[in-house]
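The values are calculated or read from the model by the stated rules, or taken from the named source; none is laboratory data. Only a predicted model underlies this, so the values are computations on that prediction, with no experimental measurement involved. Ideal geometry is used to build each Cβ from the backbone, glycine not excepted, and the neighbour counts take in all protein chains shown. Each accessible area value is taken on the protein alone, full model and side chains, heavy atoms only, with ligands, DNA and RNA left out. Shrake-Rupley method; radii C 1.70, N 1.55, O 1.52, S 1.80 Å.
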Amino acid sequence: VVVVQNASVLELKKALRRHIQLRQARQGGVQHLSWKYIWRTYYLTYAGEKLADDRKKLREYGIRNRDEVSFIKKLRK
């Protein structure tokens, strides 16, 4: 997924959403995913740190080119 150098976490989430929707459309998979459910149920993480603040810049988390972020399930309260 490609985002600008000074992107925020929210912009990364939007780019992930676009990428996955395009890939699903090409492969003929599930047409609709509930992104509200996904963001409520999973965190994006980088190097074990949750990307919880949507307004924070990726650079503040130390994310650079070709770094990998992953999804981690939120624990129930």
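Looking only at residues in the range 64-77 that are free of Cβ contacts under 8 Å to residues at least 40 places away in the same chain and among the hydrophobic types (A, V, I, L, M, F, W, C), which one is nearest to residue 11 (Cα to Cα)? Please lay out each step first, then the result.
Here is the first cut: in the range 64-77, the ones free of Cβ contacts under 8 Å to residues at least 40 places away in the same chain are 64-68, 70-77.
Subsequent filtering for residues that are among the hydrophobic types (A, V, I, L, M, F, W, C) retains 71-72, 75.
Working: 71: 16, 72: 19, 75: 24 Å.
Only one residue fits best here, namely 71.
Only one residue in 75, 51 is of a type in the set (A, V, I, L, M, F, W, C) and in contact with a helix residue (DSSP H, G or I) (Cβ under 7 Å, 6 or more places away or on another chain). Which one? Spell out the reasoning first.
Working: 75 fails: in contact with a helix residue (DSSP H, G or I) (Cβ under 7 Å, 6 or more places away or on another chain).
Within the list 75, 51, the selection yields 51.
May I ask you to say which residue of 50, 74, 13 is open to solvent by 50 Å² or more (accessible area, probe 1.4 Å), within 13 Å of the chain's Cα centre (by Cα) and among the basic types (Lys, Arg)?
Numbers: 74 fails: within 13 Å of the chain's Cα centre (by Cα); 13 fails: open to solvent by 50 Å² or more (accessible area, probe 1.4 Å).
Step by step, each of 50, 74, 13 is checked, and only 50 is open to solvent by 50 Å² or more (accessible area, probe 1.4 Å), within 13 Å of the chain's Cα centre (by Cα) and among the basic types (Lys, Arg).
Being touching a strand residue (DSSP E or B) at 6+ places or on another chain (Cβ under 6 Å) and in a loop (DSSP other than H, G, I, E, B) is the requirement here; does residue 72 meet it? Walk me through how you get there before you give the answer.
Values: touching a strand residue (DSSP E or B) at 6+ places or on another chain (Cβ under 6 Å): yes; in a loop (DSSP other than H, G, I, E, B): no.
For residue 72, the condition - touching a strand residue (DSSP E or B) at 6+ places or on another chain (Cβ under 6 Å) and in a loop (DSSP other than H, G, I, E, B) - is not met.
Being surrounded by fewer than 12 Cβ atoms within 10 Å (Cβ to Cβ) and either in a loop (DSSP other than H, G, I, E, B) or charged (D, E, K, R) (or both) is the filter here; which residues of the range 16-41 pass it?
Those that are surrounded by fewer than 12 Cβ atoms within 10 Å (Cβ to Cβ) and either in a loop (DSSP other than H, G, I, E, B) or charged (D, E, K, R) (or both): 18, 23, 26, 28, 29, 30, 31, 32, 34, 36, 40.
List every residue pair whose Cβ atoms lie under 7 Å apart, where the two residues are 6 or more positions apart in sequence or sit on different chains, the first residue falls within the range 13-36 and is farther than 30 Å from residue 57 by Cα, and the second residue, located anywhere, is modelled with pLDDT under 90 and hydroxyl-bearing (Ser, Thr, Tyr).
Cβ pairs passing all conditions: none.
What single numbered condition from (1) exposed (fewer than 14 other Cβ atoms within 10 Å of the Cβ); (2) part of a loop (DSSP other than H, G, I, E, B) fails to hold for residue 3?
Of the numbered conditions (1) exposed (fewer than 14 other Cβ atoms within 10 Å of the Cβ); (2) part of a loop (DSSP other than H, G, I, E, B), the odd one out for residue 3 is (1).
In the range 42-57, is there at least one residue being in a helix (DSSP H, G or I), out of contact with any Gly (no Cβ under 8 Å at 6 or more places or on another chain) and touching a residue at least 24 places away in the same chain (Cβ under 8 Å)? Give the derivation first.
Initially, the range 42-57 is screened for residues in a helix (DSSP H, G or I), giving none.
No - not one qualifying residue is present in the range 42-57.
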